[in-house]
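Here is the structure we will look at.
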Amino acid sequence: MYVAVKGGEKAIRNAHRLLAHKRRGDRTVPDLTLAQIAEQLSLSVARVMAEGSLYDLELAALAIKQSRGDLIEAIFLLRAYRTTLPRFGYSLPLDTGDMLVRRRISATYKDLPGGQLLGPTFDYTHRLLDFSLAAEGGVPPERPELAKIDDDDAKIPRVTDLLGQEGLIEADRPAGETDDGDVGDLTREPLSFPADRDLRLQNLARGDEGFLLALGYSTQRGYGRTHPFAGEIRFGEVEVEFFAEELGFAVPLGRVQVTECQMVNQFQGSAKAPPQFTRGYGLVFGQSERKAMSMALVDRALRAAELGEEEIAPAQDQEFVLSHSDNVQATGFVEHLKLPHYVDFQAELDLVRRMRREWQERQTAEAGDARQEAAE
Amino acid sequence: MSALDNTARADGSEGSYNFAYLDEQTKRMIRRAILKAIAVPGYQVPFASREMPMPYGWGTGGVQVTAAILGSDDVLKVIDQGSDDTTNAVSIRAFFEKTANVATTTHTAEATIIQTRHRIPERQLEEGQILVYQVPIPEPLRFLEPRETETRKMHALEEYGLMHVKLYEDIARHGHIATTYAYPVKVDGRYVMDPSPTPKFDNPKMHDMAALQLFGAGREKRIYAVPPYTRVESLDFEDHPFQVQRFDKPCALCAAEDVYLDEVILDDRGGRMFVCSDTDHCEERRTAGHRGEMAGEEIAARLSAGHASDGEDGQ
């Protein structure tokens with residue numbers, strides 16, 4: 001077994017060959033294509049793009065195929081690829097008010113300008129296994145008729161903007177404006193604490209869905225309550241624009257699908273601010289309402305200090321949340337325990353043996369003392 | 001255009017990556033952090049650590065430092081647990097062979113850059129050599145105070161009382177300091193520094209070392225350094241001076257004393273042997289004719305076969 005640990009090179013090569021073999025699985029089953037993954041496992045692809053911080057359906061599908069469906073491994077593959085890409089500059093802020101909306105719901109109003117658009121959702125489905133899907137080569141479901149959206153209706157105002165007209169909710173800052181002037185970039189500068197909201201949102205946007213879900217959930221159960229309402233959740237396509245210096249105007253680069261969640265939270269007001277609703281914000285690549293909503297809950301919880309609220313819960317603690325949200329970092333460090341540690345373990349062995357010896361000696365000495373006392 | 005088109009080459013090689021993987025802008029950013037770290041010995045310099053194609057916690061900090069300083073005429077040695085052929089050392093060496101096409105070696109004396117995890121080579125390092133440590137948790141105060149905002153303040157104020165209290169409590173409870181690795185040091189009389197999880201046996205080697213010592217922590221995004229010939233003192237008390245581990249026996253293969261040994265379990269009846277953790281050092285000694293008490297046995301041949309060695313020693 002010792003040689004197996006030390007005999008590195010060949011063993012690694014063989015292990016990787018075996019992995020490739022296992023990844024392919026039974027050769028009588030057809031090979032997965034990237035198009036199949038991108039089309040039929042699109043929510044997995046969305047998650048990998050979001051947490052991998054790279055919008056590319058094809059590469060995300062490739063990562064999922066290569067990782068045998070292990071999404072954190074796929075996210076890692078995408079991140080490692082992303083880091084090698086040159087940085088040309090920053091796109092203009094997305095205008096989600098101008099989204100080509102596929103789904104839009106509000107839990108705060110029964111009806112509102114633009115209406116409630118259910119779109120493709122698992123909501124209200126009965127979670128019964130559909131055995132008809134198990135049959136291969138079945139008849140594809142009928143293509144639903146899509147409502148025509150004429151240009152006048154196309155603009156669907158954001159619920160928070162409607163609230164904002166009455167001054168009932170804190171105002172959004174102008175796009176790109178932050179406390180310290182510039183929007184930070186946590187992929188280019190190391191995160192330092194306390195982190196402003198721009199960097200916190202970046203961290204949450206690429207943070208682990210499960211981690212944010214649990215933290216968001218904890219705020220609902222009393223660990224840093226924020227009294228949230230789902231003001232609006234919208235999913236659809238937005239145009240990404242890049243300001244080209246040479247041309248002097250913005251050029252469209254393409255469209256990305258995003259899910260946006262605006263949480264509307266109660267706020268009692270303070271000496272400085274009148275009572276009004278406050279915001280928690282979530283924005284994620286692809287369709288991922290769970291992640292967008294969790295992100296919005298955690299974003300609002302992390303604003304505790306800014307709003308003068310008591311900081312008592314894990315979700316309000318920015319060092320705790322931001323330092324542990326990244327699943328690529330987390331999985332690497334947890335799994336690094338698989339690496340050999342025998343040099344340090346040897347040092348601990350030595351210490352434990354010594355401490356046990358000293359303990360034995362003390363016991364023997366004490367027993368001797370006790371005997372002597374008894375004899376006296 | 002699909003991103004797939006410009007990444008994979010027909011022959012499957014990774015030809016489109018830059019020398020030593022990282023792009024030049026990133027390397028410059030890392031070099032700036034390294035220069036600052038050298039200028040302020042023992043101070044943890046934040047840097048914009050990148051995702052690397054190996055997991056965090058597996059040496060991404062060391063790999064980024066090495067990638068930033070590596071030139072085409074460098075000779076690279078990579079060790080993990082003192083050995084050149086533990087799996088992770090093999091993987092990192094192969095990474096630089098592939099992405100930088102540099103010469104690699106297992107011989108400490110031949111290397112210009114040595115990337116290490118958990119050990120400092122036994123052979124004394126020389127001027128011009130650079131030792132790059134992989135660091136998991138760069139903050140020596142982390143397990144006393146989990147908050148970065150607090151620990152940075154403590155460093156700034158040179159407020160290290162907490163660490164001394166911890167060491168004192170060890171003595172009060174056990175009669176001696178119960179830290180065996182990642183034993184804190186003070187660099188140039190100013191910053192308390194984590195030497196990475198090397199056994200404290202190696203701490204004295206850091207003091208006044210002729211080689212430059214660089215420390216990279218990728219996940220935690222910190223780089224720190226000990227310039228050549230710098231004072232590095234292990235924390236202790238006048239009446240409880242710092243002591244390193246001692247082994248009862250010499251290396252069973254090369255008979256070396258005053259080296260760090262690995263314990264190898266031979267059977268399930270309590271049989272064990274102790275051999276050099278630094279495999280290159282052990283091989284060199286055996287080539288020079290040193291023989292330990294088990295050098296002639298089958299286990300010695302098996303251990304040597306595991307090493308990436310071209311020597312005929314250990315027979």
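The values are calculated or read from the model by the stated rules, or taken from the named source; none is laboratory data. Bear in mind that the values here come from a model prediction, so they are computed numbers and not experimental data. Reconstructed Cβ throughout: ideal geometry from the backbone, glycine too, with neighbour counts over all protein chains shown.
Of all the residues that make up segment B:54-95, how many are within 11 Å of chain A (Cβ to nearest Cβ), among the polar types (S, T, N, Q) and in contact (Cβ under 8 Å) with a residue 24 or more places away in the chain? Residues flagged as within 11 Å of chain A (Cβ to nearest Cβ), among the polar types (S, T, N, Q) and in contact (Cβ under 8 Å) with a residue 24 or more places away in the chain within segment B:54-95 amount to 6.
Scanning segment B:206-258 for residues that are out of contact with any helix residue (DSSP H, G or I) (no Cβ under 6 Å at 6 or more places or on another chain), surrounded by fewer than 23 Cβ atoms within 10 Å (Cβ to Cβ), not in a loop (DSSP other than H, G, I, E, B) and not hydrophobic (A, V, I, L, M, F, W, C) turns up just one, B:E233. Screening A:L112 with (1) in contact with a helix residue (DSSP H, G or I) (Cβ under 7 Å, 6 or more places away or on another chain); (2) assigned to a loop (DSSP other than H, G, I, E, B); (3) among the aliphatic types (A, V, I, L, M); (4) under 30 Å from A:D326 (Cβ atoms) gives one miss only, at (4). Among the residues of segment A:331-338, is there at least one that is free of Cβ contacts under 8 Å to residues at least 24 places away in the same chain, out of contact with any His (no Cβ under 8 Å at 6 or more places or on another chain) and under 29 Å from A:R225 (Cβ atoms)? No, segment A:331-338 contains no residue that is free of Cβ contacts under 8 Å to residues at least 24 places away in the same chain, out of contact with any His (no Cβ under 8 Å at 6 or more places or on another chain) and under 29 Å from A:R225 (Cβ atoms).
Please tell me if A:E373 is more than 11 Å from chain B (Cβ to nearest Cβ), assigned to a loop (DSSP other than H, G, I, E, B), over 25 Å from the mean Cα position of the chain (by Cα) and without any contact (Cβ under 8 Å) to a residue 24 or more places away in the chain.
Numbers: more than 11 Å from chain B (Cβ to nearest Cβ): yes; assigned to a loop (DSSP other than H, G, I, E, B): no; over 25 Å from the mean Cα position of the chain (by Cα): yes; without any contact (Cβ under 8 Å) to a residue 24 or more places away in the chain: yes.
Answer is no for this residue.
Counting only residues that are within 16 Å of A:A205 (Cα to Cα), give me the helices (runs of 4 or more DSSP H) lying completely in segment A:41-85 with at least 3 of them. Full working, then the answer.
Working: elements: A:42-52, A:57-66, A:71-82.
Answer list for segment A:41-85: A:42-52, A:71-82.
For B:E51, the conditions (1) assigned to a helix (DSSP H, G or I); (2) within 13 Å of chain A (Cβ to nearest Cβ); (3) without any contact (Cβ under 8 Å) to a residue 24 or more places away in the chain are fulfilled apart from (1). Every condition in (1) in a loop (DSSP other than H, G, I, E, B); (2) touching a Leu at 6+ places or on another chain (Cβ under 8 Å); (3) at pLDDT below 95; (4) among the aliphatic types (A, V, I, L, M) holds for B:I137 except the one numbered (2). Contact map, segment B:176-187: first residue more than 15 Å from B:Q243 (Cβ to Cβ), second residue hydroxyl-bearing (S, T, Y) and buried (at least 21 other Cβ atoms within 10 Å of the Cβ), Cβ cut-off under 7 Å, separation 6 or more or different chains; pairs are B:A182/B:S196.
Tell me, please, whether a residue that is in a helix (DSSP H, G or I), among the hydrophobic types (A, V, I, L, M, F, W, C) and under 21 Å from the mean Cα position of the chain (by Cα) can be found in segment B:180-197. Within segment B:180-197, none of the residues are in a helix (DSSP H, G or I), among the hydrophobic types (A, V, I, L, M, F, W, C) and under 21 Å from the mean Cα position of the chain (by Cα).
Note on segment A:167-192: residues that are more than 21 Å from A:S53 (Cβ to Cβ) and in a loop (DSSP other than H, G, I, E, B) total 11.
The rows are residues; the columns are (1) under 30 Å from A:R279 (Cα atoms); (2) crowded, with 18+ Cβ neighbours inside 10 Å.
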{"residue": "A:L307", "(1), (2)": "yes, no"}
{"residue": "A:I312", "(1), (2)": "yes, no"}
{"residue": "A:S323", "(1), (2)": "yes, yes"}
{"residue": "A:D326", "(1), (2)": "yes, yes"}
{"residue": "A:P340", "(1), (2)": "no, yes"}
{"residue": "A:R353", "(1), (2)": "no, no"}
{"residue": "A:A365", "(1), (2)": "no, no"}
{"residue": "A:G368", "(1), (2)": "no, no"}
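With respect to the conditions (1) touching an Asp or Glu at 6+ places or on another chain (Cβ under 8 Å); (2) of a type outside the set (F, W, Y); (3) more than 12 Å from every other protein chain (Cβ to nearest Cβ), B:L131 falls short on a single one, namely (1). Exactly one residue out of A:T84, A:T108 is within 14 Å of another protein chain (Cβ to nearest Cβ), touching a Phe, Trp or Tyr at 6+ places or on another chain (Cβ under 8 Å) and surrounded by 14 or more Cβ atoms within 10 Å (Cβ to Cβ): that is A:T84.
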